[in-house]
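Written out below as structure tokens is the structure these notes cover.
The values are calculated or read from the model by the stated rules, or taken from the named source; none is laboratory data. Predicted model only: the values in this text are computed from it and were never measured. Every residue, glycine as well, gets a Cβ built from its backbone with ideal geometry; the counts of neighbours run over all protein chains shown. Surface accessibility is based on the protein's heavy atoms, side chains included, excluding ligands, DNA and RNA. Shrake-Rupley method; radii C 1.70, N 1.55, O 1.52, S 1.80 Å.
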Amino acid sequence: MDINPILLLAAVMVASTPVLLAAIGELVVERSGVLNLGVEGMMITGAVFGYIIGHGSGSAIGGFAAAALAGACLSLIFGFLTQFLLTNQTATGLGLTLFGLGLSSLVGQGATATYPVTVPRLPIPLLSDIPAIGPILFNHDAVVYLSILLIVLVWFVMFRSRAGLILRAVGENHDAAHALGYPVRLVRMAAIFFGGGCAGLAGAYISLVRVPQWTDGITAGAGWIALAIVVFASWKPFRLLIGAYLFGGVTVLQLNLQADGTLALLDIAIGLLAAAAAVVWLTRSITKKAAAPMDNLLSVIILVLSVVYGLLRLAGMQTIPIEYLSMLPYLATIAVLVGLRASNAPASLGKTFHAST
Amino acid sequence: MLRLEKRPQPSTFWTYAAPLVAVVVTILLGMALFASLGKDPVGAIRAIFYEPLFGEFSFYYRPEVIKKAAPLILIATGLAFGFRAGVWNIGAEGQYIMGAICGAGVALAFYPSESRWLVFPLAIIAGTIGGAVWGLIPALLKVKFKTNEILVSLMLVYVAQVLITAFSSGLMRNPEGHGFPGSRNLSQYPAAANGELFAGTGVHWGVIAALIAVAVAYVILTRHQFGFDVRLAGQSPKAASFSGLNPNKLVIISLLLSGGLAGLAGVFEVTGPAGQILGSFPKFYGFTAIIVAYLGRLHPVGILMAGALMALTYIGGEVAQDREQLPAAAIMVFQGMLLFSILGVDVLTNYRLRFGKNEVR
């Protein structure tokens, strides 16, 4: 197979978009001090409504709007339960996922495409003509641009506006924010609503663009991966971009490996990963004087595994059963969680707020 | 205006009444849902809650309810320990699948053997260890690297699902299966079969194990130091750390325990009702068990009753599919609503409803 790196990198951007959208919504929610574990449920609800409305009306915009609304409405259940009935956020979020999975399966019964919907590409004039970078970055559909725009917007509102300051204050210390007279519950409800809308959009991107079809469980854990990426990003918008594209890279790599059948692509990827691990170890041991293997466990693990893989390849290993490759995105998510410890979490995250306490 | 006032102590009355109110609320919400789907709401509720127990074909449905309840109770009992201590094992589904894979793997390794006293116990041990090890991964990562156990255990569910699908068409495929995916049928392999112990009752070894687990959990929770530690860690993490409780130990033990029990449930399921390793191996017990644990108020006896009720909604859901053409997914929505109701009604246990404005203090 010919590997076209430009197409590959362009595909990474598309593959990352749903996770990115869901994660930026959840980032806002978590910054307001609420842990909504129902992302997967809101996403899949968005996916089914986006698919049905999009294909029922023949309008992609209608589909995306309906999906965002569906996700946001579902999130209101979570908001009502956690903010007004003071339920445990972890359990309620899980409940939202279970409920969303059931609801989407119920709504999606026999959902088939009546009008085929294509989301048109919008090449950005001039910029998309730049060789290599143009096709990778500037020749996508509107939702890809929207996802990046949202990152910038969230960053701006959160760190450069009064509203963002209040949101962060509520997330860091809800009692103090309450004492200052900020409407804690209202702020949090707004954040939850926004997060639900983003998750709904993310789901619709899967069912309208990435997979273009509807099947039960189509989101396949993307909502959970979005949650992991928020942790990876240390609740910072621009680091989210790195995390989501890393994940998208693994997904695209895995899909290409399945289609390819040879291991050339995996050889390159593992070679690069091993080199990166070695560089990280080296720089750490120079700058921080931390050269001991235990201090660089992730690098050591990656290097050892790469050596094992290299030996297997030298011994004549030709293929990996393709089924096993679909584990890669999930394993990569675990590796990322292990490698980068969470810090900087909003102090009130997951705590129930009640004015009397 | 309506407002909530914190009770000095949780209300004893509402502790017991809340689950009942939640069930009633869910039934009302469910009736609204079924009516909106154009089905007869009363008929559907009757099909779910009455027909399997007392209807014309209850002799067939009752054993099925018991078979469904056993894994739910086993898994939920294990989860309850962790939930009480604030350790969120959400990956019970993965631990359950790994238990089934390991148990079935050992049983299949001995395939033509006839010594039941060797194969069946070995399969059970292997399955329990398989589930426990799968639960140990998020525990160790949490202790060593402070990763979030919710996300790691969940990612491992997807990994386990890939593994079982891959094994069913590769490593463990039935050599006499004409190339179809799926392992040998273990329920037809006498040395490993987990059949009914008393004909027509639905009681298999998994049911016995579930009852034992509930009894042991009850004793541990009320009479044993570990149960006290768990409750202390859940109610007041600060007090727990002052009393010298090691939170890491608690994380490891609760995940080992819940993983092992989920694995155990997996073995009994794969050697009994399910019969084989297959990509469509009965799914969702691990997730439904979360609802069961909450509905049972994280208490072993409550979980026993909640598991039976949840199993009833499964079987009743099948009856309603036949009688009222109720879509299968409607029952999932119904179960989700049950979890929302139990969580929502719980507010009355810790808070009092008051009319009027907040007093100035």
Can you find a residue in region B:150-171 that is open to solvent by 50 Å² or more (accessible area, probe 1.4 Å), over 23 Å from A:Gly223 (Cβ atoms), more than 11 Å from every other protein chain (Cβ to nearest Cβ) and of a type outside the set (Phe, Trp, Tyr)? no
Enumeration of residues in region B:1-39 that are modelled with pLDDT under 90, more than 14 Å from chain A (Cβ to nearest Cβ) and more than 24 Å from the chain's Cα centre (by Cα): B:Gln9, B:Ser11, B:Thr12, B:Phe13
What is the one condition in (1) away from chain A (no Cβ under 14 Å); (2) small (Gly, Ala, Ser); (3) within 30 Å of B:Pro237 (Cα to Cα) that B:Gly91 does not satisfy? (1)
Suppose the filter is crowded, with 24+ Cβ neighbours inside 10 Å and within 27 Å of B:Phe226 (Cβ to Cβ); does B:Asn89 pass it? yes
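Mind checking which residues of region A:158-189 are of a type in the set (Gly, Ala, Ser) and in a helix (DSSP H, G or I)? Working first, answer last.
So the first thing to find is which residues in region A:158-189 are of a type in the set (Gly, Ala, Ser), and the list is A:161, A:163-164, A:169, A:171, A:176-177, A:179, A:181.
Selection gives A:Ala163, A:Gly164, A:Ala169, A:Gly171, A:Ala176, A:Ala177, A:Ala179.
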Can you tell me which residue within region A:251-263, out of those that are of a type outside the set (S, T, N, Q) and exposed (fewer than 13 other Cβ atoms within 10 Å of the Cβ), is nearest to the chain's Cα centre (by Cα)? A:Ala259
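Does B:Ala308 satisfy the condition of being touching a residue at least 12 places away in the same chain (Cβ under 8 Å) and surrounded by fewer than 24 Cβ atoms within 10 Å (Cβ to Cβ)? Full working, then the answer.
Numbers: touching a residue at least 12 places away in the same chain (Cβ under 8 Å): yes; surrounded by fewer than 24 Cβ atoms within 10 Å (Cβ to Cβ): yes.
So B:Ala308 passes the test.
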Check whether at least one residue in region B:57-66 is over 14 Å from the mean Cα position of the chain (by Cα) and part of a loop (DSSP other than H, G, I, E, B), and report yes or no. yes
Across region A:78-107, the tally of residues that are within 7 Å of another protein chain (Cβ to nearest Cβ), of a type in the set (A, V, I, L, M, F, W, C) and within 19 Å of A:Glu26 (Cα to Cα) stands at 6
Could you check region A:130-163 and list, in sequence order, the residues that are in contact with a Phe, Trp or Tyr (Cβ under 8 Å, 6 or more places away or on another chain) and more than 14 Å from A:Leu241 (Cβ to Cβ)? A:Ile130, A:Val143
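What number of residues within region B:183-197 satisfy the criterion of being part of a loop (DSSP other than H, G, I, E, B), more than 18 Å from B:Ile101 (Cβ to Cβ) and more than 24 Å from the chain's Cα centre (by Cα)? Before you say what the answer is, go through the steps one by one.
At the first step, the residues of region B:183-197 found to be part of a loop (DSSP other than H, G, I, E, B) are B:183-185, B:189-197.
Among the residues that remain, those that are also more than 18 Å from B:Ile101 (Cβ to Cβ) are: B:190-191, B:195-197.
Restricting the remaining residues to those that are more than 24 Å from the chain's Cα centre (by Cα) gives B:190-191.
Of the residues in that region, 2 qualify.
Tell me the residue from A:Ile302, A:Ile268, A:Ile286, A:Ile322 that is at pLDDT below 85, open to solvent by 50 Å² or more (accessible area, probe 1.4 Å), within 26 Å of A:Leu9 (Cβ to Cβ) and away from chain B (no Cβ under 14 Å), please. Before the answer, list the steps.
Working: A:Ile302 fails: open to solvent by 50 Å² or more (accessible area, probe 1.4 Å); A:Ile286 fails: within 26 Å of A:Leu9 (Cβ to Cβ); A:Ile322 fails: away from chain B (no Cβ under 14 Å).
Unique residue meeting the criteria: A:Ile268.
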Among B:Ala47, B:Ala104, which is assigned to a helix (DSSP H, G or I), farther than 26 Å from B:His299 by Cα and within 21 Å of the chain's Cα centre (by Cα)? B:Ala104
Meets criteria (within 14 Å of another protein chain (Cβ to nearest Cβ) and either under 16 Å from the mean Cα position of the chain (by Cα) or modelled with pLDDT of 90 or more (or both)) for A:Ala220: yes
Listing of helices (runs of 4 or more DSSP H) fully contained in region B:246-351 that carry 2 or more residues being more than 14 Å from chain A (Cβ to nearest Cβ): B:247-271, B:300-324
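Considering only residues of region A:72-85 that are open to solvent by 20 Å² or more (accessible area, probe 1.4 Å) and touching a residue at least 40 places away in the same chain (Cβ under 8 Å), which is nearest to A:Val48 (Cα to Cα)?
Keep residues of region A:72-85 that are open to solvent by 20 Å² or more (accessible area, probe 1.4 Å), which gives A:73, A:76-77, A:80, A:84-85.
After this cut, where a residue has to be touching a residue at least 40 places away in the same chain (Cβ under 8 Å) as well, the list is A:73, A:76, A:84.
Values: A:Cys73: 14, A:Leu76: 18, A:Phe84: 28 Å.
This residue is A:Cys73.
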Out of the residues in region B:139-149 meeting the condition of being on the phi < 0 side of the Ramachandran plot and within 9 Å of another protein chain (Cβ to nearest Cβ), tell me which one is surrounded by the fewest Cβ atoms within 10 Å (Cβ to Cβ). B:Lys144
